[in-house]
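The values are calculated or read from the model by the stated rules, or taken from the named source; none is laboratory data. Note that the structure is a prediction, hence the values are computed from the model and not measured. All Cβ positions, glycine included, derive from the backbone under ideal geometry; neighbour counts span all protein chains shown. The accessibility values were calculated without ligands, DNA or RNA, using every heavy atom of the protein model including side chains. Shrake-Rupley method; radii C 1.70, N 1.55, O 1.52, S 1.80 Å.
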Amino acid sequence: MRLPEDVYDAADARLAEADARVAASYPGERPGRQPVHTVYVPASQYKTRLVAGWGKQAMRVFVEHGDLLGVDADVYERVRAKLLTEPIEDLRIDFEDGFGRVPDDVEDAAARAAGQTLATTGGTPFCGIRFKSFEAATRRRGIRTLDLFLGSLLDNGPLPPGFVVTLPKVTAVDQVAVAAEVLARLESAYELPSNALRFEVQIETSQSIVDLDGTLSVARIVQAAAGRCSGLHYGTYDYSAGLGIAAAYQSMEHPAADLAKGLMQIAAAGTGVRLSDGSTNRLPLGDALPSAWAEHSRLVRRSLERGFYQGWDLHPHQLPTRFAATYTFYRAGFPEAVERLRAYADKKAGGVLDEPATAQALAVYLLRGLDCGALDEGELPFGRPELEKYAQRLA
């Protein structure tokens with residue numbers, strides 16, 4: 001070697017600040033379970049037996065029409081078991097569009113009631129509320145609802161595991177920064193641990209993708225949240241309408257939707273911020289059930305193939321297709337994923353030569369399949385600790 005040691009030292013010194021910045025901003029895939037869906041329920045409809053009621057309604061339509069899904073016996077039984085035991089993975093009690101503008105005393109009462117009901121019933125691995133946006137017209141109302149809800153929730157029990165709140169309709173990155181500050185103040189007021197309160201940001205305005213100066217605001221949103229942003233959720237219809245797309249063509253698969261979601265994906269990659277696709281507003285009811293189920297199944301599969309492992313569901317009849325499409329996705333791919341990961345672990349050459357990053361993706365894929373119930377640990381040659389090791393190898 002002909003380079004002196006001071007060249008190495010100079011490179012380290014010049015890049016020390018950049019090294020620290022990259023390590024802080026890109027910690028890698030966040031460990032732990034991600035729900036496969038978020039169910040949005042208007043706060044006015046949130047009752048003690050809501051989760052069980054959704055499960056029963058979903059089971060009824062599944063038993064009557066499940067043959068339309070075209071799944072094999074194994075997937076059928078897994079969907080049936082899921083609807084019996086955990087029909088909703090992530091519940092969001094909605095005080096925004098699904099609740100509307102009502103007198104303050106009505107929303108105050110609803111916020112207190114929802115907090116008490118959630119504390120005393122639970123029933124889902126993930127939960128939270130969507131409050132009104134931090135735009136000028138609704139900011140104070142959104143903060144008040146969140147404060148009242150938390151007070152009622154914590155008066156009746158601890159903060160539930162998997163608790164997260166949703167910030168909608170971001171039109172300025174500053175709103176995200178202020179939301180993070182408000183959550184910090186709420187933690188102090190209610191004596192919660194630091195960073196106990198996290199939030200998802202709904203990407204449903206053009207300003208949340210590209211700012212006025214042409215910069216990509218979606219990347220700045222992640223940074224402005226100061227470590228509190230747990231997810232970016234695409235809002236199909238608000239975003240489409242904001243771009244002037246005619247109602248008949250507003251869809252999760254419109255080219256404008258794919259562009260926005262691609263930018264979300266780039267902004268979130270490596271940060272630990274998770275992604276969720278949006279919803280379809282075609283409900284599987286009456287004579288429309290077969291075609292609506294076919295569309296929902298296709299859209300769920302499309303999202304999964306594109307790296308969006310979560311979506312929104314708005315009606316109990318969408319649960320059978322959500323779980324059937326999700327389970328089919330993981331069960332169809334797990335034999336090849338196992339073989340490729342085993343070949344990588346054993347350092348054996350096969351038909352595919354995988355890089356460490358792909359081995360990590362294979363492990364994450366298998367963990368997601370385990371978490372949602374598509375796979376059983378006994379089917380895999382790897383235990384969960386070994387999969388978690390490969391999943392975090394590059395973090």
Checked segment 117-155 for anything surrounded by fewer than 17 Cβ atoms within 10 Å (Cβ to Cβ) and polar (S, T, N, Q); matches are THR120, THR121
Output for Cβ contacts, cut-off 8 Å, separation at least six or different chains, first residue of a type in the set (A, V, I, L, M) in segment 352-372, second modelled with pLDDT of 95 or more and assigned to a loop (DSSP other than H, G, I, E, B), reads LEU366/LEU375; LEU370/ASP376
Residues in segment 249-272 that are in contact with a helix residue (DSSP H, G or I) (Cβ under 7 Å, 6 or more places away or on another chain) and without any contact (Cβ under 8 Å) to a residue 60 or more places away in the chain total 11
Tell me, please, whether a residue that is touching a residue at least 24 places away in the same chain (Cβ under 8 Å) and within 19 Å of the chain's Cα centre (by Cα) can be found in segment 330-344. yes
When LEU91 is run through (1) part of a helix (DSSP H, G or I); (2) among the hydrophobic types (A, V, I, L, M, F, W, C); (3) closer than 20 Å to GLY231 by Cβ, the failure sits at (1)
Query raised in the report: Does any residue of segment 269-278 turn out to be part of a loop (DSSP other than H, G, I, E, B) and buried (at least 24 other Cβ atoms within 10 Å of the Cβ)?
Result: yes
Over segment 35-53, the set of residues surrounded by fewer than 23 Cβ atoms within 10 Å (Cβ to Cβ) and either on the phi > 0 side of the Ramachandran plot or part of a helix (DSSP H, G or I) (or both) is SER44, GLN45, LEU50, VAL51, ALA52, GLY53
Among residues of segment 193-203 being open to solvent by 30 Å² or more (accessible area, probe 1.4 Å) and not small (Gly, Ala, Ser), the residue farthest from ARG92 (Cα to Cα) is PRO193
In segment 91-111, residues that are under 18 Å from HIS315 (Cα atoms) and crowded, with 22+ Cβ neighbours inside 10 Å total 7
Discussion item. Residues that are farther than 30 Å from GLN57 by Cβ, open to solvent by less than 50 Å² (accessible area, probe 1.4 Å) and over 17 Å from the mean Cα position of the chain (by Cα): does segment 221-232 have at least one?
Written reply: yes
